[in-house]
1. If I take every Cα pair under 8 Å that is 6 or more residues apart in the range 132-241, average their sequence separation and divide by the length, what percent do I get for the relative contact order?
2. With just the Cα atoms of the range 250-344, tell me how far they stretch along each of the three principal axes, in Å, largest first.
3. Kirkwood hydrodynamic radius, the range 132-241, all distinct C-alpha pairs: what's the number in Å?
4. Where does each of 123-133, 333-343, 194-204 land if you order them by average Cβ count within 10 Å, highest first?
5. Once you order the gyration tensor axes a ≥ b ≥ c over the Cα atoms, which shape class does the range 216-306 get: rounded for a/c under 1.5, otherwise prolate or oblate by comparing a/b with b/c?
6. Give me the orientation-averaged projected area of the Cα convex hull of the range 180-221, in nm², one decimal.
7. Return 98, 112 ranked ascending by Cβ neighbour count within 10 Å, so the fewest neighbours appear first.
8. In nm, to one decimal, how far is the residue 112 label point from the residue 289 one, both placed 7 Å along Cα→Cβ?
């Protein structure tokens, strides 16, 4: 279903309807400019004339107090009416275009203003803050092969940045014609540069160049395009069927390609998993080999240490045995030397004992053996018979003693 162009217009309304028209439009049309009705008029002048009339009555007649009171009352009412009619309230987000005797003299910002002079007016109230959406469906746009597209929908947003230039130069009604013409021209130029089979690429494509071109054309009117895009493109029915077939084939091809890509990725993932598993197995084997190597090195080191310990133990045993044998030999030599010394000492003792025993035996034998008595006489004299007789008498007496001394001589054994 083809949409219609957005319509832009300006409306004449009272001050109470300006807000609704600027925000909601009128009968589906956009209303960025509202011409307010002048509500001031000259009604307050009649009240001034009445005040002057009653003032004259107070001066010329006897009803002085009543006429003076009425004159003051009508004068006060005239001033209040004039004050109320002079109040101008500009809505937030809008700008009022002020004129004097029909000539634009400036703008009025949002807020309350007072226009005391009757020839000061607000010619227009312009929406200067809202980004106004504008839709422009272009029908029968030819492509590079001169195939007319069914429609191209162009959407843009614009904002009035200079209300004086907009009101003075073009106005809302004329701007609608200018904007629609500029948009159609820009869309047709863009479609002429696109092949028919690539027409769907216009949807959501970059239209920055078109936006810049429209800004250059509409900038003199105080309008700036803030955004633009192409939301929809419709091809001719026959070409659309042909394109649908091609799209179906392309989708099937894309599906096969995706399936093959998934299969390829699955196989690649499987191979990668196998490779990772092999790497892990290899790393585990390497770890095991390193562990075995370390264990072998530890075992060899332990065996070497045990062999060295055993060799050290054997060496120590040999040394200990040698030292023990040496000590034993030394002790044995010492013992033999001491034994020899003992034998030598014992020999003298034995000889002493033997000699003593010999003496004891000799003493015992001497005690039991007969003892000879030798009587020594004077030298040179022969034994007399008297001495022999005396000696024979004395022998039995002295047989119990070992020695006898006769004549001062000790008998010898």
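Laboratory data are not the source of any read-out in this text; all were calculated from the coordinates shown. Values in this document were obtained by computation on a predicted structure and should not be read as measured data. Backbone-built Cβ (ideal geometry, glycine too); neighbour counts: all protein chains shown.
1. 40 percent
2. Result, largest extent first: 134, 8, 6 Å.
3. Hydrodynamic radius (Kirkwood, Cα only) of the range 132-241 equals 14.5 Å.
4. 123-133, 194-204, 333-343
5. Working: a/c = 14.43, a/b = 2.61, b/c = 5.53.
Cα axes put the range 216-306 in the oblate bin.
6. If I average the Cα hull's projected area over directions, I get 3.1 nm².
7. Listing 98, 112 from fewest to most nearby Cβ atoms yields 112, 98.
8. The answer from the label model is 9.5 nm.
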